[in-house]
Every structure is written in structure tokens, then in C-alpha cells.
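Each value in this text was obtained by applying a stated rule to the coordinates, not by laboratory testing. This structure is a prediction, so every number in the text was calculated from the model and none was measured. In this analysis, Cβ positions are derived from the backbone assuming ideal geometry, glycine residues included, and neighbour counts consider all displayed protein chains.
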Amino acid sequence: GRCAKNNKQAVDLEPETLTRAPHSFVFHRGVVGKYISALVKDFRKIMEPFTAAQLKVRKKNTIKDLVSVTGVLHVSHFVMFTNSELAPYLRLAKVPRGPTLTFKIHNYILAKDVASSLKKQFDHPRLFLNSPLVILNGFNAEDTDVFKLMIATLQGMFPNINVAKVDLNNVKRCVLFNYDPESKNIELRHYGINIKPTGVGRSVKKLVSNKVPNLARFEDISDFIQRGDLLSESEGEDDPGSHVELPQAIHTKGALRGNKSAIRLMELGPRMTLQLIKIEEGLLDGEVMYHEFVHKTEEEKEEIRKRREEKRKLKLKRKQQQTENVKKKEEAKEELKQKSLEGIAKKKAQVELESDKLMKEAAASGAIQEDDDDAEWFRKEVGEEPDKELFDQPMKSSLKRKREDSNFKPYKKISTGSKKRVSFARDDESRGKGRGNPGGKSDFKGKRNFHDKFGGKPKFGGKFGSKASFKTKPTGKKGSKFKQNRRK
């Protein structure tokens, strides 16, 4: 129905280009403070859209927990921020087997601070819908295995871009890694790419853009175009090195295919100054392949390698022993369960056998009692011979006395057909006994007539009696109108 259509499951799989693209988790470990937490959020903006933007890692979550979900979510890199008393650190790890690169963060500036320092801030609705363009500068200064590994790790964090097939409208950002051979520091910058047409005056740029110019000081539009130097806006001259010929049409006014346009970079932030400190072979716990400050001889490296191998073997041995112990416990548990089931079945059979035996004994004893001779019992108890007819009659099925058949039929009640009450006259002797009075004639003469001949109720009592009423005017002195008439 309609509900099933509206609640469809995500049956369609993601295309292979998206699943094979490098995905990342950006999080911090330990107590880092509010500034490093803000830096983590800014770095997630750099890694958009192939990162978990709302990832929340709790204190109880371990690296092992995060690694367990990387296969389902196609996560290939971990970016971890930590903070110590000396400086904050950044770790880049390839999941699940490494390597792990540790960088020391010498300086950093948050994205909000970079935006507040700019005169014009760059914003675009499709700015973070596609991955950024990666630019590595100065990394060819040294040709060593460490540099090759670092270059491969930095490039592998972002999806590959096919220059022949890329749509320039989707390239809105770039990430710059600049290596300084003298200080051995790496400068990280994050820019937004903006394309503007060249060879156009300021006034025409004003018209081409979405802004509406102020024409109050001009009499005609031609004055506005010819006298564009009077505009208050001041812009620096474009660098000729930034002028390029567009191979594709860009969704920008004036940026047509084949025309020259200027590429401008608007910084988005954050900024970081990094230094490579250490490279580990595994995921945070492997052999140290490179260290900036600690250098060991081959003998020390071999000894460390042996200790690591012994530790690995011991761990594997303990794991096998734990597996065997768990297996033994499961077998013992299953054996105990089978024994319990057998005991329950045996006990049940024994109880059923005993109950059958008791039932048989009860049935046998009942049969014996039924077969007893009643006459013999009478002889033992009474001491006399019973009558012949006493025990010859068969036992009745019920001890309740049955009604014998007869021709007697109960009389019906005769209905008189009238429900009038019949009054019986009492004699003088019985008169008054019902009220507890002595028998004989009663002195009660009935109710006093409270109405006069005119039909009115008496108004005044006492002396006037029944002569005064509501319809007759009283004569003489007025009596108490609340006094009741007394019986004479």
C-alpha cells in the first residue's frame, strides 16, 4: 500500500566509485579541551563529504570498537587528535593494518578566526558536496622511503581525480600541503576556488554580478561604464599567472568555454603547522619505522623485534588456551545437561511405575472388600443369624426414597374471581384491642368539625371556638392566634 511505498528500504547499493573512495573517521582521544575539539570539527569540514560529520566517540569506546565497524562503512583512514603537556598531536592511520603517522602540531588557527580576518568571506551552496583537490608542494625535496610513504598517505586520504573526466563545476575546494625543507614543517591550508572573468572593467563586473550598483550619481548607463574609476570598490590587479583558458563551461557569469578567466583562492580554514615525528608499521602498536628524535642501532632494533615477536606469540598462545578452556566448559556443560535429562527421565519412569503399582494394589483391595460376605459380618457383629430376606434383596442404585405411583392428584386452588377485601365486623368486646385499649365502647366521638357553616377554617382559638373564621369578623377581645383549640 501507500505506507509500504513511503517506507522503502535502501535497496539500491552505492556505486563502486563511492564505496571504493577513501572514507575517514575524525575524532579525538582523551581530554583535549575546547579548542582542539573545535579543530576536530574544522578538520571534518576538510574531509567532507567522505567522513562522519556527526561522529561521537565516547570515553569507553576503544580503537578496536571503531575498527570493527570500518568494513561496513567502508572507512579506510583514522584521523586522531590528542593533547599533551608539550603540544597537541595529529595521527593519521590506515585501517586496518597501518601504517600510522604521528605529526606534532606546532601552530593552528581555527576556521572561525580565519573567516573573521578576511574582508570578504567566500560561501557557496555546493562548497562541501564534493571532495577537495589535493595539492602537494615541495615534497620532491627528498627522495626517501619516509617521504614516499608520507606522500602516499596524504594522497590516499582523498579520492582520486581523473583530470580528463572531471567536471570543473564540482571542484570548489582545494587542500594545500606545503613542505619546508629547512624547518621540516608542513603547512596545511584549506581554500575555496572562485572563478572570475578577465578583461572586464569594474563597472561591467558590477553589472554581471548579482549586486545592483548605485546609479544615483550618473545620468546615463554609459557614464557608469566609462567612468568606472569613480567607484569606491578597490581591488588589486589580477596576477597574470592565475589567468587560464577554460576547457569547459563554468556555471559562473562571464566564464565561458575558451575565454580566459582568473582563478582566485579564498581561504576557508583551518591552518596548521605540522611536523612528522614517528611512523609505525601497524595500527598504533606496530614496529617503529621512523622517528625524528630517537635513533636506534640495528642490534637494538633486532632486540626490540624479538621482544615484540615473543609478546605476539605469548598473546597467541593465551588466546588458543582461552579458546580450549571455553570449548572444555561447553563440553562439560553439555555433558551435565545430558545427565540431567537422563536423570529426569529415569525419575519420571520410576514415579510412574510406583503409581501404577499403588493403583493396582488399591484396585485389588477394593475388589476384596466388595467380595466380603455381608451375612458373615452380621453374624460377627450381632451374634445372631440374619433373616433370609435381609441380604437376598439386591442393592438399590440410590438410597433416596422414591415416590410411589398413586391415583392421588393435588387439589387446585379455587379462584373466586373477585379480589375484593372482605371486612369482618367485630363485637363490642373485641373493639379496641388492636390498639392496646381495653375492650368496650370508646369515648372518642370522631374528628372535631373545624369548619363553620360558611366553610372557613377557624382563625382564632380559645374563647371564640369555631365561631371565628377567616370569613367571619371576630367580636370581643382578640385571642392568641397561635393557641390551639382544646378538646372539651
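Brief remarks follow.
- Derived scalar couplings between HN and Hα for segment 85-94 equal 5, 7, 6, x, 10, 10, 10, 10, 10, 8 Hz in order, rounded to whole Hz, by the Karplus curve 6.51 cos²θ - 1.76 cosθ + 1.60 (θ = phi - 60°), x for Gly and Pro.
- Segment 74-198: projected area of the alpha-carbon convex hull, averaged over directions, in nm²: 11.2 nm²
- Counting other Cβ atoms within 10 Å as a rough exposure proxy, the listed residues Leu390, Leu92, Leu176 run Leu390, Leu176, Leu92 from fewest neighbours to most.
- Built amide H within the under 5 Å cut-off of Ile250, gap 5+: Arg257
- Of the residues Phe293, Thr273, Gln321, the one whose Cα sits farthest towards the positive end of the charge dipole of segment 261-324 is Gln321 (charges of +1 on Lys and Arg Cβ, -1 on Asp and Glu Cβ, taken about the Cα centre).
- Amide H contacts under 5 Å for Leu133, placed H, 5+ residues apart: Arg173, Cys174, Val175
- Cut-off under 5 Å, modelled amide H: who pairs with Phe103 long-range: Leu90, Arg91, Leu92, Ile277
- Calculated FRET value between Ala38 and Leu336, using beta carbons and R₀ = 56 Å, to 0.05: 0.45
- Two-site label geometry, Thr70 and Ile151: point separation in nm, points 7 Å out along Cα→Cβ: 2.4 nm
- Karplus-derived HN-Hα couplings along segment 57-70 (A = 6.51, B = -1.76, C = 1.60, θ = phi - 60°), whole Hz, x at Gly and Pro: 9, 7, 5, 7, 6, 9, 5, 5, 5, 5, 5, 5, 9, 5
- Along segment 336-351 the Karplus relation, 6.51 cos²θ - 1.76 cosθ + 1.60 evaluated at θ = phi - 60°, assigns HN-Hα couplings of 4, 5, 5, 4, 5, 5, 5, x, 5, 5, 5, 5, 5, 5, 5, 5 Hz to successive residues, with x for each Gly and Pro.
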